[in-house]
Amino acid sequence: MTDRAALLRCMAIGDIIGKPGRVAVVQTLRAVRAELDLDLVIANGENLAAGAGLTPSLAEELLANGVDVITSGNHIWDKREIYDYLDSGRPVLRPLNYPDDAPGRGWLLHALPDGDQVAIINVMGRVFMNQLDSPFLAMDALLDGAAEPLPPLRIVDFHCEITSEKNAMGWYLDGRVSAVLGSHTHVPTADARLLPGGTAYISDIGMTGPRDSVIGFSLETVLPRFLTHLPTRFAVADGAVSFNAVVIEAERATGRARSISQVQRLIEA
């Protein structure tokens, strides 16, 4: 049996949707951290601000209530006030494969209390998404071309639309990172597994947002778009919140993942 001190236990929380998702995380995360004996919590926060975007105050609220690092995706730019904040050095990421002169950064090193470091990387897919630089080549440049080698513990949030691109990234990075965790589609997938090279993988963690909804948004604002093909303004739904996350265990010395398990809970409003 591996000594607990030799392992990292990291939780990644799926896309947090609006006020219901935020309140659920703020009210429960500290207890969840203790219950699951977590060393690190990562959360995707690009949908925090009324379902689209992130503001500095909302980011700070998460960081003050048990989240260590916030990742994002294509909605990170929806609130203009986040631009300068991304350059402030706070642990909030935008996708790595945006142009270098975009605000913020695509990865960071998080120091654990005992001094070990974890590289947390945010990268975005291209199929049916913004036509950014190749996420595969961006990962190569980071992993192979960094001025100093990254620490063995490496967690990737791959914000991506289609499962085939996510699958491809998982296999491409197998053995090179500790985990490739899909985000963006808000629907948890049933394929959490360890790849042969020691990388934990899941196509999509899912969302932390209203259960009785269409990917977090109210039926009344979403269904008309499918019925009439006219634009509608989506509103975040109310009610009980589905809390979707994964917990990864990885060897601190090698970065090799030992397990990945899904966390799926219902938090009453």
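Here, each number is a calculation from the coordinates, and none is a lab measurement. Since this is a predicted model, take the numbers as computed values, not measurements. Counting neighbours? That spans all protein chains shown, and the Cβs are built from the backbone with ideal geometry, glycine included.
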Quick one: if the Förster radius is 35 Å, what FRET efficiency do Val187 and Asp37 give, using the C-beta to C-beta distance and rounding to 0.05?
0.80
Which of Leu223, Leu153, Leu48 ends up with the largest GNM mean-square fluctuation for the chain, with Cα atoms connected below 10 Å?
Leu223
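For region 169-240, what mean projected area does the convex hull of the alpha carbons give, in nm²? Let's see the in-between values first.
Details: hull surface 24.8 nm².
Mean projected area for region 169-240: 6.2 nm², to one decimal.
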Go ahead and estimate [θ] at 222 nm for the chain from helices alone: -39,500 (n - 2.57) per DSSP H run with n ≥ 4, summed, over the residue count, rounded to 500.
-7000 deg cm²/dmol
Could the peptides 198-211, 100-113 be put in order, highest first, of the mean number of other beta-carbon atoms found within 10 Å of their residues?
198-211, 100-113
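Between Trp171 and Arg80, what length in nm is gained on full extension when 0.36 nm per residue of separation is reduced by their alpha carbon distance? Numbers along the way, then the final one.
Numbers: separation 91, 0.36 × 91 = 32.76 nm, distance 3.55 nm.
Here the answer is 29.2 nm.
As an exercise, identify the trypsin sites (Lys or Arg not before Pro) in region 229-268 lying in DSSP coil whose Cβ has no more than 14 other Cβ atoms within 10 Å. Intermediate values should be presented prior to the final figure.
Values: sites: Arg233, Arg252, Arg256, Arg258, Arg265; in loops: Arg233, Arg252, Arg256.
Sites meeting the loop and neighbour criteria: Arg233.
I'm a student and want to see the number: the projected area of the Cα convex hull of region 10-267, averaged over all directions, in nm². Could you put the intermediate results ahead of the total?
Details: hull surface 52.7 nm².
Convex hull of Cα atoms, orientation-averaged projection: 13.2 nm².
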Along the charge dipole of the chain, pointing to its positive end and built from +1/-1 on Cβ of Lys, Arg, Asp and Glu, which listed residue (Gly239, Cys10, Leu195) has its Cα farthest out?
Gly239
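Determine the relative contact order of the chain: mean sequence separation of Cα pairs under 8 Å and six or more apart, normalised by residue count, in whole percent. Working shown, then result.
Details: 663 pairs, mean separation 51.5, N = 269.
Once divided by the residue count of the chain, the mean separation gives 19 percent.
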